[in-house]
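For reference, the structure discussed in these notes is given below.
The values are calculated or read from the model by the stated rules, or taken from the named source; none is laboratory data. Remember, it's a predicted structure, so these values are computed and weren't measured experimentally. Because the Cβ atoms are built from the backbone with ideal geometry, glycine has one as well, and the counts that use them run over all protein chains shown. When the accessible area is computed, the model is the full protein with side chains, heavy atoms only, and any ligands, DNA or RNA have been set aside. Shrake-Rupley method; radii C 1.70, N 1.55, O 1.52, S 1.80 Å.
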Amino acid sequence: RQCLDEGITVSSLTIASSYQIPYLVNDPMMTDLALAKELGLGNPWPELELAELEETYLAVLEDKPSAVCPADVVACAGRLGYTKLAESYLPYAQSPEHERVGMLQRLLEQHPEPGMRNWDIRSMYPVFHHSVQAVSHYQPAFYCGDLTFACQQEPTYLLPTLKTDMLAFWQEFGLGEIAHIPLSGDHFTCMQHGAVEPLAEALNQRAACEVPHG
């Protein structure tokens, strides 16, 4: 968009599984659990019933809030009748970051895949959280050119409507023609080998059609 504003020709734009999360994630527990899920760590909080917590998160998001904070989760858990969850959630959410990271690290050291047991989650933890915050805080602007959007087909944890939301987002902010490429997998796996082949093929075809400069 900035190139177009400056009169610079953009030959093509391709976006893969990306959009703005439509609410602020002000609850560290939500992203902690998402990270634990992606790493296959199981339940980081033995005092909390994971099925109840997941149902509570989804119930909170059904109301399409502008932001999610621990108080929202506690209130929703109470409405759903999950009394123990409502009583125990806040102490975890308000605990120091190093304690929460330590819980995840201990689970990682017991991972069923031996190769992951030596990972240091302390290095990936701030990157994951910062990424979630960045995707929820940036202010999108309209793009007037054509674009290709490669969208994953499977739901992503805590974002079950991600596919629909992403398509709707680019249809709103992309003012030109939008070509859609479906990719198998979820938001995290759609760029892995096999799933990404349709996107790679489309990019190769486009590159072959472009006329070289000079």
Please determine, in degrees from 0 to 90 and to the nearest 10, the orientation of helix 97-108 with respect to the longest principal axis defined by the Cα atoms of the chain, where the helix direction is its Cα long axis. 80 degrees
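Tell me, in nm to one decimal, what length is gained between residue 118 and residue 11 on full extension, where the rule is 0.36 nm per residue of separation less the Cα-Cα distance?
Numbers: separation 107, 0.36 × 107 = 38.52 nm, distance 4.37 nm.
Extending this stretch completely gives an extra 34.1 nm.
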Take every Cα pair under 8 Å in the chain that's 6+ residues apart, average their separations, divide by the length, and report that relative contact order as a whole percent. 23 percent
Gyration tensor verdict on the range 1-138 (Cα atoms; rounded if a/c is under 1.5, prolate if a/b is larger than b/c, oblate otherwise): oblate
Using only DSSP helix segments of four residues or longer, with each worth -39500 (n - 2.57), what per-residue ellipticity at 222 nm results for the chain after dividing by its residue count and rounding to 500? -15000 deg cm²/dmol
With r as the distance between the Cβ atoms of residue 84 and residue 161 and R0 = 25 Å, compute the FRET efficiency 1/(1 + (r/R0)^6) and round to 0.05. 0.30
Carbon and sulfur atoms: what percent of the 1.4 Å accessible area of the range 116-160 do they account for? 60 percent
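Averaged per residue, what accessible area in Å² does the chain show with a 1.4 Å probe, protein chains only? Before the final figure, lay out the partial values.
Details: 12240 Å² over 214 residues.
Per-residue value: 57 Å².
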Go through the range 184-201 residue by residue and turn each phi into a ³J(HN,Hα) via Karplus (6.51, -1.76, 1.60, θ = phi - 60°); whole Hz please, and just put x for glycine and proline. 6, x, 9, 4, 8, 9, 5, 9, 7, 4, x, 5, 7, 4, x, 5, 4, 5
Based on DSSP, what percent of beta bridges with both residues in the chain are antiparallel, to the nearest 5? 10 percent
In degrees, nearest 10, the alpha-carbon axis of helix 83-93 is tilted away from the dominant principal axis of the alpha carbons of the chain by 70 degrees
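Return the carbon/sulfur percentage of the accessible area of the range 1-84, one whole number, probe 1.4 Å, all protein chains in place.
Values: 2130 of 4260 Å².
Whole-percent figure for carbon plus sulfur exposure: 50.
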